[in-house]
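The values are calculated or read from the model by the stated rules, or taken from the named source; none is laboratory data. These numbers come from a predicted model, not from an experiment. Every residue, glycine among them, receives a Cβ derived from its backbone with ideal geometry; neighbour counts consider all protein chains shown.
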Amino acid sequence: MISARYPALRLRRTRASAWSRALHRETVLTPADLIWPLFVTDGAVGHSEPVASLPGVSRWAIDGIVARAREAIGLGIPCIALFPNTPPDRRSDDAAEASNPDNLVCRTIKAVREACGSDIGILTDVALDPYTSHGQDGLVDARGYVVNDDTVSILVDQAVIQAEAGADIVAPSDMMDGRVHAIRMALEMGGHTNVQIMAYAAKYASAYYGPFRDAVGSAGLLKGDKASYQMDPANGEEALREVALDIAEGADSVMVKPGLAYLDVIARVKALYQVPVFAYQVSGEYALIEAGAAAGIAPRDALLMEQLVAFKRAGCTGMLTYHAPVAARLLNG
């Protein structure tokens, strides 16, 4: 408890000048805290496709992803995350393309690794929604219910081929029960002992994902919703159970998604488990910053940096954000 009283204690003293504010700052943000999500699409060299619902974000052909990886290295961003826009003729009810070792993601991993070596980390999404013709993150039965164990079997194959292609972190975002343990055992048996698992441990059935689904081409395909496997936004205690299970099953780090509306969950996870916790500043959060800035609500850079600092203050080890290169340039001065 603070025993001193005004005027002996004036909290404004340490806020009176810029050097003192910097000296007393409790939360420090650097480019090394950022992961840059990137969308890859099939296309000729130089091909790119702007994502209308994500101003400033594009889908890139493989050479464009390589260029973005080199840009990340130059900015001090340590890791990129890859998400594919799979061509419609490669999507199917059984998501067979997810297990194809020559699929778009695997070819992109290899290209980035060949161009950049070990100077950049590569995180890959493990889920079936970019590969299914129905837009769900798993296989569905005759009732339209997403089945758990059969989906996990495919997720294991998907994670292994990504590791074999050169991924450093596989990140199951599907929210199936037991998938972290199954993936960890398969990676161990396959000799991929140093491939990390970043589990989307508390992924909520959120309204903030719309632009992402546009970017990966699943928005118009989705039949039904994802409430039977993604978390209810009203639940906090359940998130702690999900995180505990994923840690026990072999996750090296955990993620809370979305970020801003779930700062309380981030803080509770960090305080309770003391593990690396990441937040995903999702597509809807990105789009709202851009829309707010365009409407004159506040400068984009100020809105962005305040949110990223909030994630760090809540306990995040790092953040996935489409604004990564913007933030890195600001942080680099």
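Which number in (1) surrounded by fewer than 21 Cβ atoms within 10 Å (Cβ to Cβ); (2) over 23 Å from residue 213 (Cβ atoms); (3) in contact (Cβ under 8 Å) with a residue 60 or more places away in the chain marks the one condition that residue 133 misses?
Unmet for residue 133, out of (1) surrounded by fewer than 21 Cβ atoms within 10 Å (Cβ to Cβ); (2) over 23 Å from residue 213 (Cβ atoms); (3) in contact (Cβ under 8 Å) with a residue 60 or more places away in the chain: (2).
Against the definition (surrounded by fewer than 24 Cβ atoms within 10 Å (Cβ to Cβ), at positive phi and modelled with pLDDT under 95), how does residue 166 come out, yes or no?
Criteria not met by residue 166.
Got a number for residues in region 18-62 being surrounded by 12 or more Cβ atoms within 10 Å (Cβ to Cβ) and either at positive phi or more than 22 Å from the chain's Cα centre (by Cα) (or both)?
So the answer is 4.
If a residue must be under 20 Å from the mean Cα position of the chain (by Cα), over 30 Å from residue 331 (Cβ atoms) and aliphatic (A, V, I, L, M), how many such residues does region 75-125 contain?
The total comes to 2.
Which of the residues belonging to region 63-95 are crowded, with 21+ Cβ neighbours inside 10 Å and of a type in the set (Ser, Thr, Tyr)?
86
Looking at residue 98 and the list (1) under 27 Å from residue 325 (Cα atoms); (2) crowded, with 22+ Cβ neighbours inside 10 Å, which single condition is not satisfied?
If we test residue 98 against (1) under 27 Å from residue 325 (Cα atoms); (2) crowded, with 22+ Cβ neighbours inside 10 Å, just (1) comes out false.
Considering 279, 267, 239, 271, which residue is small (Gly, Ala, Ser) and surrounded by fewer than 15 Cβ atoms within 10 Å (Cβ to Cβ)?
Checking each option against the conditions leaves just 271.
Could you list, in sequence order, the residues of region 33-51 that are in a loop (DSSP other than H, G, I, E, B) and in contact (Cβ under 8 Å) with a residue 24 or more places away in the chain? Give the steps one after another, and end with the answer.
Taking region 33-51 first, the residues in a loop (DSSP other than H, G, I, E, B) are 42-47, 51.
Within region 33-51, 42, 51 qualify.
Of the numbered conditions (1) in a helix (DSSP H, G or I); (2) in contact with a strand residue (DSSP E or B) (Cβ under 9 Å, 6 or more places away or on another chain); (3) in contact (Cβ under 8 Å) with a residue 40 or more places away in the chain, residue 287 fails exactly one; give the number of that condition.
(2)
Considering region 69-79 alone, what residues qualify as being touching a Leu at 6+ places or on another chain (Cβ under 9 Å) and either touching a residue at least 60 places away in the same chain (Cβ under 8 Å) or of a type in the set (Phe, Trp, Tyr) (or both)?
Within region 69-79, 72, 75, 76, 77, 79 meet the criteria.
Right, residue 213: surrounded by fewer than 23 Cβ atoms within 10 Å (Cβ to Cβ), modelled with pLDDT of 95 or more, within 24 Å of residue 36 (Cβ to Cβ) and touching an Asp or Glu at 6+ places or on another chain (Cβ under 9 Å) or not?
Answer is no for this residue.
Out of region 177-210, which residues are farther than 17 Å from residue 160 by Cα and either of a type in the set (Ser, Thr, Tyr) or buried (at least 23 other Cβ atoms within 10 Å of the Cβ) (or both)?
Selection gives 200, 201, 202, 203, 204, 206, 208, 209.
Sort through 123, 54, 82 and tell me the only one that's in a loop (DSSP other than H, G, I, E, B), touching a residue at least 24 places away in the same chain (Cβ under 8 Å) and closer than 26 Å to residue 254 by Cβ.
Just one listed residue meets the conditions, 54.
If residue 117 passes every condition in (1) of a type outside the set (Val, Ile, Thr); (2) in contact (Cβ under 8 Å) with a residue 60 or more places away in the chain; (3) more than 19 Å from residue 219 (Cβ to Cβ) but one, which one does it miss?
(2)
Residues that are among the aromatic types (Phe, Trp, Tyr) and touching an Asp or Glu at 6+ places or on another chain (Cβ under 6 Å): does region 129-141 have at least one?
Yes - at least one qualifying residue is present in region 129-141.
Consider residue 308 carefully, then state whether it is among the aliphatic types (A, V, I, L, M), assigned to a helix (DSSP H, G or I) and crowded, with 18+ Cβ neighbours inside 10 Å.
Working: among the aliphatic types (A, V, I, L, M): yes; assigned to a helix (DSSP H, G or I): yes; crowded, with 18+ Cβ neighbours inside 10 Å: yes.
So residue 308 passes the test.
I need the full set of residues from region 111-130 which are polar (S, T, N, Q) and crowded, with 20+ Cβ neighbours inside 10 Å, in order please.
Hit for region 111-130 is 124, nothing else.
So residue 307 fits all but one of (1) among the polar types (S, T, N, Q); (2) within 18 Å of the chain's Cα centre (by Cα); (3) closer than 25 Å to residue 180 by Cα; what number is the exception?
(3) is the only condition that residue 307 fails.
If the Cβ limit is 6 Å and pairs must be 6+ apart or interchain, which residue in region 268-284 that is touching a residue at least 40 places away in the same chain (Cβ under 8 Å) pairs with which residue that is among the basic types (Lys, Arg)?
Sorted first by the residue in region 268-284, then by its partner, the pairs are 277/270; 280/257.
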